[in-house]
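Report on the following structure.
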Amino acid sequence: ATSGLTSQFIDIDDHTTIHLWAPNPDHQTPQQQKPSLLLLHGFGPSAMWQWRRQAQFFSPHFHVYVPDLVFFGDSTTKSKERSEVFQAVSMGKLMEKLQVKKYHVMGTSYGGFVAYHMAKLWPEKVEKVVIASSGVNMRKADNMELLQRANVENVEEIMLPETATQLRTLTRLAISRRFTMVPDFFWKDVINQLYSENRNEKLQLLKGITLLAGDDSCKLPPLQQDVLIVWGDKDQIFPLKMAYELKELTGKKTRLEIIQNTSHVPQIENSTRFNNIVKNFLCGSS
């Protein structure tokens, strides 16, 4: 098990089963009064692959919950819903099943969309919110610019790579380091391991993002909670200008931290700095 977390499957309703890494329910004692922290991953490999360094770092200080979002990793549903609001509702049901009354939420990229909706839906349960590298304020124009940077026609060619070339493009946009010498067979192997499962459902999830459905004016209601936005200064998926705009939109209780020389996955590229910024925010007073 990773960081004292165990792999668990929870049926949150008749349709949906969530896989997650969470504290072992048998080992909980009443004096373990630690706050709870829910980690929501981005579009791509399963949760623990994306959050491993955070799970290790935060476990001594928090009860850490690391679920696979629906259709990622081992989480499944029979429901026909495909929006990030559905993901948020599913995560809310999960925490209810786990009998976690109050918790902090941290989401990266697509997981940040889910975290934003959770904070909006349950202000009485969600305490502090961390949104990392997540263009919750994305407009159609931002989407078009992303396609131009990637030199592709559809966002799925970036987010759900099928070929070595597409995965190279995603890596170039998402990671500040360069991987020039990596051979094609390696990229293809990564695609088979990380991107081939539930491909059709994930395509539907991309098309189902409600935040992109609107017009070009961004009408994000501000959040009631204290919010931390964390961003890599070299992010090519959601450029830094979106972080400044998101700070204005999410409300007066928002602060923005920028991590130098990182791109779309600062939690992996500079986990030490990322973890310390988040811990200071979660453990500090409002």
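Annotations for the structure displayed:
- Number of the condition not met by Leu220 [criteria: (1) of a type outside the set (Phe, Trp, Tyr); (2) surrounded by 14 or more Cβ atoms within 10 Å (Cβ to Cβ); (3) modelled with pLDDT of 85 or more]: (3)
- For Trp122, the conditions (1) surrounded by fewer than 24 Cβ atoms within 10 Å (Cβ to Cβ); (2) in contact with a Ser or Thr (Cβ under 6 Å, 6 or more places away or on another chain) all hold with the exception of (2).
- Long-range neighbours under 6 Å by Cβ, at least six apart or interchain, first residue touching a residue at least 40 places away in the same chain (Cβ under 8 Å) within the range 253-281, second open to solvent by 20 Å² or more (accessible area, probe 1.4 Å) and assigned to a helix (DSSP H, G or I): Thr262/Glu269; Ser271/Arg53; Asn275/Phe57
- The single residue among Val100, Val105, Val130, Val114 that is surrounded by fewer than 24 Cβ atoms within 10 Å (Cβ to Cβ) and out of contact with any Cys (no Cβ under 9 Å at 6 or more places or on another chain) turns out to be Val100.
- Residue selected from the range 186-202 under the condition open to solvent by less than 60 Å² (accessible area, probe 1.4 Å) and at pLDDT below 85, by the criterion farthest from Tyr103 (Cα to Cα): Trp187
- Residues of the range 136-192 that turn out to be of a type in the set (Val, Ile, Thr) and either touching an Asp or Glu at 6+ places or on another chain (Cβ under 8 Å) or closer than 29 Å to Leu223 by Cβ (or both), as a count: 6
- Selection status of Lys93, part of a loop (DSSP other than H, G, I, E, B) and assigned by the TED database to the domain that holds Gln33: no
- Matching entry among Ser59, Ser75, Ser46, Ser90 (being open to solvent by 10 Å² or more (accessible area, probe 1.4 Å) and touching a Ser or Thr at 6+ places or on another chain (Cβ under 7 Å)): Ser59
- Pick from the range 228-278, criterion outside any loop (DSSP other than H, G, I, E, B) and open to solvent by 60 Å² or more (accessible area, probe 1.4 Å), ranking: nearest to Arg168 (Cα to Cα): Lys241
- Long-range neighbours under 7 Å by Cβ, at least six apart or interchain, first residue free of Cβ contacts under 8 Å to residues at least 60 places away in the same chain within the range 110-124, second open to solvent by 10 Å² or more (accessible area, probe 1.4 Å): His117/Val85
- Pairs where the first residue, in the range 179-194, is over 20 Å from Gly42 (Cα atoms) and the second is small (Gly, Ala, Ser) and at pLDDT 80 or above, C-beta under 6 Å, 6+ apart: Asp184/Ala164; Lys188/Ala164
The values are calculated or read from the model by the stated rules, or taken from the named source; none is laboratory data. All values derive from a computational prediction rather than experimental measurement. Every residue, glycine as well, gets a Cβ built from its backbone with ideal geometry; the counts of neighbours run over all protein chains shown. Protein only, heavy atoms only, side chains kept; ligands, DNA and RNA dropped before computing areas. Shrake-Rupley method; radii C 1.70, N 1.55, O 1.52, S 1.80 Å.
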